[in-house]
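Heads up: the structure comes next, in structure tokens.
The values are calculated or read from the model by the stated rules, or taken from the named source; none is laboratory data. Here the structure is a predicted model, which means the values were calculated and not measured. Here the Cβ positions follow ideal geometry from the backbone for every residue, glycine too, while neighbour counts run over all protein chains shown. These area figures cover heavy atoms from the full protein model, side chains too; ligands, DNA and RNA do not enter into them. Shrake-Rupley method; radii C 1.70, N 1.55, O 1.52, S 1.80 Å.
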Amino acid sequence: MINNKSVVCIITARGGSKEVPGKNIKLIQGKPLIAWTILAAKKSKYIDRVVVTTDSEEIIKVSKEFGADVPFKRPDNISGDKAKQEDAIFHAMEFFEKQDGIKYDYIVILTPTHPLRDEIEIDLVIEALANDPKAKAYVTMMEAKANPLHCNTIPENKSLAGFLSEDVKLKNRQELPTYYQPSGSTSVIEWDCFAKNGSIFTDDSYAYLTDSISGHDINSVIDFKVAEVLMKEKFHTL
């Protein structure tokens, strides 16, 4: 709880993963991937309840072992490859209201594929929202990995004619504007705002700037290997 506002954390973790089978429970630095997110959420000063929504019995078992609440199994119709994270959050919200008779003030949305995001970031984003009267949500953003001004489509003949504009070709990277992308690591939104808009991106959402380490998202074998190195450095005392 913060400023007398209740806080629920929803960790969204599908069982399916084509590129890395069993990704969310694959061991990394001695723990299942999802465990790092659960433990970070449980260390938060403000989160009242840590809930995992998943369609996988294995993820349910692991999540409970590391202290998360798994009060339901996510239905198959919102768990496939094309399922949206928003659908899983709506389902969890509906469960809390109907089964528990609870509406929380804030929802913290975390994905299990960001093991380098820690409780410090989570709490800072919660504080940002709680202390900003004009905001309904805060979303972590990081500098874009590739400046979109350096990106374009390539025709069938592979010609690079016109790939970069003349203005961009004449400037060093440092002279170009800085672009940002969602890091995906931490989002905090008012319950009623999400219920109304169905998205963390609204006219009342604001950016919390984080770095590419906290924003490192695991989707491939290479991502796993990079995360192993980064985690050895960040959590060397564990």
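Examine segment 119-129 for a residue that is under 30 Å from residue 167 (Cα atoms) and under 16 Å from the mean Cα position of the chain (by Cα), and state whether such a residue exists. No: segment 119-129 contains no residue that is under 30 Å from residue 167 (Cα atoms) and under 16 Å from the mean Cα position of the chain (by Cα).
Taking the conditions (1) open to solvent by less than 60 Å² (accessible area, probe 1.4 Å); (2) under 28 Å from residue 10 (Cα atoms); (3) among the β-branched types (Val, Ile, Thr); (4) part of a helix (DSSP H, G or I) in turn, residue 168 satisfies each one other than (2). Going through (1) over 21 Å from residue 87 (Cα atoms); (2) in a helix (DSSP H, G or I); (3) in contact (Cβ under 8 Å) with a residue 60 or more places away in the chain; (4) open to solvent by less than 100 Å² (accessible area, probe 1.4 Å) one by one, residue 229 falls short only on (3).
Give 148, 155, 112 a once-over and let me know the one that is touching a residue at least 12 places away in the same chain (Cβ under 8 Å), of a type outside the set (Asp, Glu) and surrounded by fewer than 18 Cβ atoms within 10 Å (Cβ to Cβ).
Values: 155 fails: touching a residue at least 12 places away in the same chain (Cβ under 8 Å); 112 fails: surrounded by fewer than 18 Cβ atoms within 10 Å (Cβ to Cβ).
None of the other options fit; the residue is 148.
Test residue 207 against the criterion of being surrounded by 14 or more Cβ atoms within 10 Å (Cβ to Cβ), under 14 Å from residue 116 (Cα atoms) and touching a residue at least 40 places away in the same chain (Cβ under 8 Å), and give yes or no.
No, not satisfied.
Determine if segment 67-90 includes at least one residue that is open to solvent by 50 Å² or more (accessible area, probe 1.4 Å), hydrophobic (A, V, I, L, M, F, W, C), at pLDDT 95 or above and over 18 Å from residue 188 (Cα atoms). Checking segment 67-90: not a single residue is open to solvent by 50 Å² or more (accessible area, probe 1.4 Å), hydrophobic (A, V, I, L, M, F, W, C), at pLDDT 95 or above and over 18 Å from residue 188 (Cα atoms).
Look at segment 1-27 and say how many of its residues are assigned to a strand (DSSP E or B) and within 18 Å of the chain's Cα centre (by Cα). Before you say what the answer is, go through the steps one by one.
Quick first cut of segment 1-27, residues assigned to a strand (DSSP E or B) only: 2, 5, 7-12, 27.
Adding the requirement that they be within 18 Å of the chain's Cα centre (by Cα) leaves 7-12.
Residues meeting the conditions: 6.
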